[in-house]
Every structure is written in C-alpha cells, then in structure tokens.
Ligand code: TYM
C-alpha cells in the first residue's frame, strides 16, 4: 500500500488538475493547497488529468509539456510521494473502463445540464463528445479510488454532484459499490478572481501563473483591471481585485495595511500591484525554484510518475474487478 496508514486515517482524498495549461493561482489556492495540507491526514491520490486535457485538443508535444508541468507543480508545491500517490491519468487505463460502464447508466439529459457543456455550446460551433462526457470521466476518476473527499474550487461543484448522482444510481442498480464523495470547497478561495475580475481560468487567459517568468508575472499582475480612480482618490479595497488577491496570500496585518492605504487615498493601484508582485515572489520563490529544478530533471519527474502509476493502478484494478463482477462482464 502506498500510504503510511499509521499516521493517516483510512479516508481517501483525491483530486486532479487538467493538463491544459499552466498552473495559476486559482488552481493552487482553490484545490492544491487544501489537498497538500490534508495529505498527512488522509490517504491522498493526486493526479494529472491528461485524458481530460485532450478535450482542448492540443498538439501532442503541448499535452506532454502540460502534463509534466503540472506534475512538477505538484511536486514543487509539496507532494510527499512517500505518503501520497501522484500519477498521470492515462497510466491507469482502467479509468476508461469505468467511464464506459458509467456512460451506460447516465442520461444524456444529466450531461446536458453540465455548466462545462453549456459553456462549450455557447462558444463552439461543433461540440466534441469528449466535452459532453467530461463529467463521466471525472466521476470515474473519483469513484475508481473510492474517494471520500475531493478538494476543488467551486467551478467543480456541479461535477461532484453529478458524480454522486452516478454513484447513487450505480449503487441502487447493482448494490453498494461506490463511496459517495464529498467536495471540499473552502469559502474564501472557492472562486479566485482573474486579472480581468472574472473567475481566474486557463480558458479566459486572465491567470496569474505560479511558475511564469518574473517578466511574465509582472505583466500579468500589472495588467490587473482596476477602476479609473486616481492616485489621491480613496478607493474601495473590497472591490479591488489586487487587494482581493493580496488578501489571500498575505497575512492579516499586511492586508489590513493595504486596505487602510487604499481607503485613505494617496496610494495608487500601481502601488498595490507592486506590493502584490513582491509578496507573490516572496511567498512562492522557493516553490518556483523547485519547479524549475523538476522541469529540468524530466527523468526524475517521469520516474516519480511511473512509481505513482503502479500504486494507483493496484488500487484501480481491485475496484474494476469488483465492478466487472457486479455488472456481469
Ligand atoms: P482544472 O484543471 O480546471 O482546475 C484544477 C482545480 O483548480 C480549481 N480552480 C479554481 N479554484 C478557485 N478559483 C479559481 N478561479 C479556480 N480555477 C480552477 C478547480 O476547481 C479544480 O479543483 N475537471 C477538473 C479536473 C479533474 C478532476 C477530476 C478534479 C478531472 N478529474 C477528479 C477532481 C477530481 C478540472 O478541469 O480542473
């Protein structure tokens, strides 16, 4: 068994990140930080959703790069692979087998209600079936490992509800097989705003990327949208995205100080952005160095993922055997 069960309780935590771009602050604060903090408490399964990454149909080289980049991010952010299993989704093909079984129990109506599908409908002329079936594969990710807890941002809440629906229906049809997973969503980081004030998202291009070059980071942070109040005007801190983000990474006294300065006037948005950039580099400096180290040592990175894949597959195989049995395959 991968996890050190002597110091952990037997509950299972699992979460994934889609391999479709660079890790941004929303991914880190919404999902990764929580997951990492809980890895000493629960048996943890963290993975890189590269099959899901295919839904944005990148070039093969890009998908490989995103996959490694997310693995490096997990490791740099503090995954302890002695306790926690870290792997890439495609190394455990049993997930596709479970997804196929779940597909046969899931109504198209349920899938058509997914926000992710509706967003695609609004934007794309041709919707790929992978988008419609996205929540089924995600449910398979979660149920295959009998997950109890799934730390995510709020944008994944509906997918978790759908997972529970699928698990419930399966259990009612074939007898109790799956644990009903619980989403862990932390109120204050449920939806991190992006540089344009909308939800930070890879697809809106409004991210503050954890591992971008310093020059790129500066561009992203200095580009945060603000209103037109001048340097001397008093400002409403809570309405200012710079402050909203600063508050999430700085301590209380530093954020109170920024709030006070913004509200007093004589402190411009440019000043606040500079303070945010400095804080960001200070807080994430060590993690950024570790990330660079992993990205340079791809052999070591791939080795970690290969080891994780063996552990994940061992668990997945047991579950798929059970599923095959109860459904009659
Ligand atoms: P993805 O890759 O879009 O995002 C990874 C995690 O980051 C969270 N997140 C945010 N949290 C707060 N504020 C934001 N602005 C923000 N943007 C992203 C997401 O909620 C997510 O927790 N479908 C998933 C990947 C996945 C998965 C799974 C997750 C596949 N299978 C099984 C959990 C369990 C996704 O696309 O996340």
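Where a number appears in this text, it was derived from the coordinates with a stated rule and is not lab data. Source: prediction; values computed, not measured. No Cβ is skipped: glycine too gets one built from the backbone with ideal geometry, and neighbour counts run over all protein chains shown.
To one decimal place, what Kirkwood hydrodynamic radius in Å is obtained for region 269-329 from all pairs of distinct Cα atoms?
Kirkwood radius, region 269-329: 15.6 Å.
Cα-based Rg (one decimal) and Dmax (whole number) for region 101-220, in Å?
Reported Rg and Dmax, both Å: 16.9, 56.
What value in Å³ per residue do you get for the convex hull of the alpha-carbon atoms in region 214-290?
Spelled out: Cα convex hull of region 214-290, divided by residues, is 77 Å³.
Take the chain, compute every pairwise Cα distance, and split them into 20 Å bins from 0; I just need the percent in each bin.
30, 55, 15, 1
Measure nothing fancy, just the Cα-based angle from helix 94-103's long axis to the longest principal axis of the chain, in degrees from 0 to 90, nearest 10.
Result, in degrees: 80.
For region 175-240, what is the convex hull volume of the alpha-carbon atoms per residue, in Å³?
So the per-residue hull volume is 145 Å³.
Only bridges whose two residues both fall in the chain count here: according to DSSP, what percent of them are antiparallel, nearest 5?
Bridges in the chain are about 10 percent antiparallel.
Report relative contact order for region 214-290 in percent, whole number only (criteria: Cα-Cα under 8 Å, sequence separation at least 6).
38
For a quick check: sort 33, 18 by the number of other beta carbons within 10 angstrom, fewest at the front. Write out the running numbers ahead of the final one.
Details: 33 17, 18 21.
Going from least to most buried by this count: 33, 18.
Compute the length gained on full extension between residue 173 and residue 62: take 0.36 nm times their separation in residues and subtract their Cα-Cα distance, giving the result in nm to one decimal.
Values: separation 111, 0.36 × 111 = 39.96 nm, distance 4.08 nm.
Separation in residues times 0.36 nm, less the Cα-Cα distance, equals 35.9 nm.
Between residue 282 and residue 103, what's the calculated FRET efficiency when r is the beta-carbon distance and R0 is 45 Å? Round to 0.05.
The value I calculate is 0.45.
Taking Rh as the Kirkwood radius computed over C-alpha pairs, what is the Stokes-Einstein D of region 81-130 at 20 °C in a medium of viscosity 1.002 mPa s, expressed in µm² per second?
For these conditions, the coefficient is 158 µm²/s.
For the chain, what does the relative contact order come out to in percent, with C-alpha contacts under 8 Å and a separation of six or more?
This gives 23 percent for the chain.
So what's the angle, to the nearest 10 degrees on a 0 to 90 scale, between helix 252-264 and the longest Cα principal axis of the chain?
50
Given labels modelled 7 Å from the Cα in the Cβ direction, how far is it in nm from residue 239 to residue 41?
3.7
Using only Cα atoms, tell me the angle between helix 298-327 and the longest principal axis of the chain; keep it within 0 to 90° and round to the nearest 10.
Approximately 40 degrees, to the nearest 10.
At q = 0.14, 0.24, 0.27 Å⁻¹, what base-10 log of I(q)/I(0) does the Debye formula yield for region 119-180 when every alpha carbon is treated as an equal point scatterer in vacuo?
Taking Cα atoms of region 119-180 as identical point scatterers yields -0.46, -1.01, -1.15.
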